[in-house]
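Since every read-out is calculated from the coordinates, none of them should be taken as a lab result. Bear in mind that the values here come from a model prediction, so they are computed numbers and not experimental data. So basically every Cβ, Gly included, is an ideal-geometry build from the backbone, and we count neighbours across all protein chains shown.
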Amino acid sequence: MTKKVFIRTFGCQMNEYDSDKMADVLHAADGYEKTDDVEQADLVLYNSCSVREKAAEKMFSDLGRIKHLKAKGVLIGVGGCVASQEGAAIVERAPYVDLVFGPQTLHRLPKMIADRRAESRPQVDISFPEIEKFDHLPPARVEGASAFVSVMEGCSKYCTYCVVPYTRGEEVSRPFDDVLTEVAGLADQGLKEITLLGQNVNAYRGRMGGAAKGSDEIADFATLLETIAEFDSIERIRFTTSHPKEFGQRLIDAYARVPKLVNHLHLPVQHGSDRILSAMKRGYTALEYKSTIRKLRAVRPDIRLSTDFIVGFPGEEDEDFDKLMKLVDDVGFDASFSFIYSPRPGTPAANLLDPTASSVKLKRLQHLQGVLEANVLRYSRELVGKRQKILVEGRSRKSADDLMGRTECNRIVNFPGGPHAARLVGQLIEVDITEAYPHSLRARVAATETALSD
Ligand code: SAM
Ligand code: SF4
């Protein structure tokens, strides 16, 4: 009988990507199929996130709820950043866990499972074998119209609040030709959209020269984007997450030269006060951030921008928060993420005095989120009556009669697919936006790029 794996993912898109890779590795090695029903699973994997305390704690409390499955012989594994940080301590806290693996060792899962069965003791492997994992991954099994391609791993920026450099290791870029080979495979499958992934994806510096391992020529992120744009069938390129410090002129020029780069950029700023940005060790001022945006808008006037904010970093005063709100006003951010600062063990900021009351931080967060939400709705309403190109992803979650797609600015669009609905999935089509809601748009089909008549 086919073995089944249930994978629960916490956290960011890198973790979503890693979860897909876990499924691919287990399918290729042992024929595992994914299941959404934990009760049906032979193997349960939790891909954890430790960026904020809440996500880490939620993982442990959810884990407790599935330990009864052990009685059926189910294996339980914990991967991701909590696993990387805590290692064997996870087994001490949750002795029913069989496997603990980090983001860089997920490709070793089949061997760890075999060892667990042979040795009947928990297996822990949270080493950082550089970029070895990519050499051991089977070709991706693509579902849908869009795919993620990881181009670099880790982070060497060491922002004072962040665990990522400790859980995922330092920045390592995949060789240029390896990335292109993966993209070529996806293009051959007719994929229209690629999202390049990395903790600091624009810090990409990939060795060129393929098998000639001696080559010391390095491709930067702009070169990678321009090369990927040459694949005819790929019509949209996205990337996340990029760092403002790495957003140089070459990347801005790429926006002028590569129309396939979507008119949407997620560029985390974290704060608007230079005092706080410096304490966070972000490496730029609010003015420098705005100047990057100004240059970008000079070549892409209607680009939509989203960002991440941390509210309530130790020492944040009212006047710092006012500067954050001024930056929101100056830039005009679209849908963005905002979080209350969460002290993470082992990071420099965790040792800072933090006299601000939680209630004050919460008020600031709510104020920020209110303004951001209003921006989102305003920008959505501006789209009503306009024609947009969307990539059709599949059935709408709201109604089985409708299809769902995404605009370049990443908004969900629901629309009636009509008699040709099945053939629109995976295609880029034009729609006229008819209504705007807080988290989605409604539209009708204007024209399809593909000929729908045989
Ligand atoms: N590398 C990206 C960058 O430089 O912005 C982001 C990666 S980080 C895993 C994702 C987001 O989590 C960050 O942009 C930040 O807003 C948030 N984050 C990271 N550490 C945090 C902490 N200790 N407390 C609250 N939010 C945090
Ligand atoms: Fe974390 Fe900063 Fe690296 Fe982003 S750049 S992953 S916030 S250390």
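Taking each of Lys4/Lys54; Lys21/Lys72; Lys290/Lys326; Lys4/Lys70; Lys67/Lys111; Lys295/Lys326 in turn, the alpha-carbon distance tops 21 angstrom for Lys4/Lys54; Lys21/Lys72; Lys67/Lys111. The alpha carbon gyration tensor of region 1-93 gives principal lengths a ≥ b ≥ c with a/c of 1.5 or higher and a/b no greater than b/c, which makes the shape oblate. How do Val425, Val51 rank when sorted from fewest to most other Cβ atoms within 10 Å of their own Cβ? Ascending Cβ contact count within 10 Å gives the list Val425, Val51. Close amide H partners of His266, meaning residues 5 or more places away or on another chain with modelled amide H under 5 Å apart, are Ser306.
Taking packing as the residue-averaged number of other Cβ atoms within 10 angstrom, the listed peptides 106-112, 351-357 run from highest to lowest as 106-112, 351-357. For Ser278 and Ala118, a Förster radius of 51 Å and the Cβ-Cβ distance give a FRET efficiency of 0.45, rounded to the nearest 0.05.
Here the chain is assigned +1 on the Cβ of each Lys and Arg and -1 on the Cβ of each Asp and Glu. Its dipole about the Cα centre then comes out at about 780 debye.
The residue among Leu137, Ile194, Ala184 whose Cα reaches farthest toward the positive pole of the charge dipole of region 103-234, with charges on the beta-carbon of Lys, Arg, Asp and Glu, is Leu137. Extending 7 Å from the Cα toward the beta-carbon at both His68 and Met325 defines two label points whose distance is 4.9 nm. As a proxy for reagent exposure, Arg406, Arg52 were ordered by neighbouring Cβ count within 10 angstrom, fewest first; the result is Arg52, Arg406.
The ranking of Cys81, Cys409, Cys155 by Cβ neighbour count inside 10 Å, starting from the fewest, reads Cys409, Cys155, Cys81.
In this Cβ point-charge picture (+1 for Lys and Arg, -1 for Asp and Glu), region 91-169 has a dipole of about 120 debye about its Cα centre. Left without a cysteine partner by the 4.7 Å Cβ rule in the chain: Cys12, Cys49, Cys81, Cys155, Cys409. For region 50-78, the residues whose amide N sits under 17 Å from a probe point set 7 Å from the Cα of Tyr96 along the beta carbon direction are 58-78.
Couplings 3J(HN,Hα) for region 143-148, derived from phi with the Karplus relation 6.51 cos²θ - 1.76 cosθ + 1.60 (θ = phi - 60°), are 10, x, 9, 9, 9, 9 Hz, where x marks Gly and Pro.
Dividing the mean sequence gap of close Cα pairs (under 8 Å, 6+ apart) by how many residues the chain holds gives a relative contact order of 10 percent. State whether the chain is rounded, prolate or oblate according to the following rule on the C-alpha gyration tensor (a ≥ b ≥ c being the square roots of its eigenvalues): a/c under 1.5 gives rounded; otherwise a/b larger than b/c gives prolate, and the remaining case gives oblate. Verdict is rounded for the chain. Helical content alone sets the calculated 222 nm signal of the chain at -10500 deg cm²/dmol, taking -39,500 (n - 2.57) per DSSP H segment of four or more residues and averaging over every residue.
Only the Cβ atoms of Lys and Arg (+1) and of Asp and Glu (-1) were treated as charged; on that basis the dipole of region 1-121 about its Cα centre amounts to roughly 280 debye. Out of all DSSP beta bridges in region 56-193, what portion is antiparallel? Express it as a percent rounded to 5. The answer is about 25 percent antiparallel. Hey, if you put +1 on the Cβ of every Lys and Arg and -1 on every Asp and Glu Cβ in the chain, which of Ile113, Leu324, His27 ends up farthest toward the positive end of that dipole? In the chain, that residue is Leu324.
Positive-end ranking of Gly346, Ser359, Gln388 along the dipole of region 344-394, with charges on Cβ about the Cα centre, is headed by Gln388. For region 416-423, putting each phi into the Karplus relation 6.51 cos²θ - 1.76 cosθ + 1.60 with θ = phi - 60° gives couplings of x, x, x, x, 9, 3, 4, 7 Hz, in residue order, rounded to whole numbers and with x for Gly and Pro. Taking the DSSP bridge list for the chain and keeping only pairs wholly inside it, about 40 percent are antiparallel.
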